[in-house]
1. Does Arg211 meet the test of being surrounded by fewer than 20 Cβ atoms within 10 Å (Cβ to Cβ) and at pLDDT 90 or above?
2. When Val256 is evaluated against the numbered criteria (1) farther than 18 Å from Val134 by Cβ; (2) of a type outside the set (D, E, K, R); (3) open to solvent by less than 20 Å² (accessible area, probe 1.4 Å); (4) in a helix (DSSP H, G or I), which criterion, by number, is the only one it fails?
3. Ser81 versus (1) part of a helix (DSSP H, G or I); (2) at pLDDT 95 or above: which is the lone unmet condition?
4. When the range 64-74 is examined, which residues are found to be buried (at least 19 other Cβ atoms within 10 Å of the Cβ) and at pLDDT 90 or above?
5. Just to be sure I understand, how many residues within the range 306-322 are open to solvent by 60 Å² or more (accessible area, probe 1.4 Å) and at pLDDT 95 or above?
6. Could you look through the range 112-132, keep only residues that are aliphatic (A, V, I, L, M) and open to solvent by 50 Å² or more (accessible area, probe 1.4 Å), and pick out the one that is modelled with the lowest pLDDT?
7. Looking at Gln33, Gln61, can you tell me which residue is open to solvent by 50 Å² or more (accessible area, probe 1.4 Å) and touching a strand residue (DSSP E or B) at 6+ places or on another chain (Cβ under 7 Å)?
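The values are calculated or read from the model by the stated rules, or taken from the named source; none is laboratory data. Note that this is a predicted model, so its numbers are computed, not measured. Here Cβ is always computed from backbone atoms with ideal geometry, including for glycine, and neighbour counts include all displayed protein chains. In case anyone asks, the SASA skips ligands and DNA or RNA and just uses the protein heavy atoms, side chains included. Shrake-Rupley method; radii C 1.70, N 1.55, O 1.52, S 1.80 Å.
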Amino acid sequence: MPDDLDRKIIHALRCAPRVSFRRLGEVLDVSEQTVARRYNALCRSGVLRVVGTGNPAVHGQAEWIARLRCRPDATGPLAGSLARRPEVAYTTVASGGSEIICVIRSPADISRDDLLLRHLPRAGAVLDVSLDLVLHGFGTPGTAGWTGREGSLTPDQVLRLTSDRPAPEGPVLPAADEDTPLIDALAEDGRATHTRLAELTGWSKPRVARRLEALEAAGSLTYDIDVLPERFGYEVNATLWLQVGLSRLHRIGEEVAAHTECAFAGAISGRHNLMVVVICRDTPDLYRYLSDRLAHVEGINGYEISIRERRLKQSASLIHHGRLVPQAIA
């Protein structure tokens, strides 16, 4: 079972995905060798993957939240088919096996009807479909996301990791065609060394370092930190569909995103205008969160809850036999 140090490493990687083991050891007050050993063990066991990806916003892509209510006997095969599509992410079976929740990344100018026809299956097993656009993600870019209450870094540690990583200025620039080999290599391992990236791309190490720095500075390159919370003892995952007043939407979104149980909070279109994914240890833990912490957030007018039964895909990784793996392997 991973421990608090493993959680701190994961939190640190959300702040600085390619931070060196030496620097990470200094911030966490452990040896460089200990950090490297723990990180490699998490990756080998399929608990953690760091994946580099081209920023979807550069290409005018938007994210849509799809909820498919299905016949329970057909949910599994349908969810598996959706999870294998490269444009579909975060695929989950919920609500006792009768609902599929997934994210579809698609050009922003595509119409809702076209999206349904192109990306969602035409199947008699699908009883109802709702499709909502993600309008805004809450939380600090690069540091948002679940890490477990026991493993959170202190504000000072976060500052030490992020102070020398300035946010991109101006419009996000697309990567050049020549950068494709580098981005493809990072899609397999977002923390691959300069030496390994040079081998995979056929470039020199100075060129690898130069293009990495340029792509990150331009906002063209982002990183996904995929984690399996259940391997840390957090077994209950729930998606909350909240209704809040528009004048309070941003405040509530930021407040909820700061909760340690929160893995994602985003404003969406539709009847429920705030989607929140929370991760808890067990059912009593989820109840305590709902009845205590969330109940004290003023301005929530209504809610619905989808309890995850099975997760098939994270942002950039499939879940295969309880392990995070690249899609090509699964």
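1. So Arg211 fails the test.
2. Failing condition for Val256: (1).
3. So Ser81 meets the others, but not (2).
4. Within the range 64-74, Trp64, Ile65, Ala66, Arg67, Leu68 meet the criteria.
5. 1
6. Looking at the filtered set, the residue picked out is Leu117.
7. Details: Gln33 fails: touching a strand residue (DSSP E or B) at 6+ places or on another chain (Cβ under 7 Å).
That would be Gln61, the only listed residue that is open to solvent by 50 Å² or more (accessible area, probe 1.4 Å) and touching a strand residue (DSSP E or B) at 6+ places or on another chain (Cβ under 7 Å).
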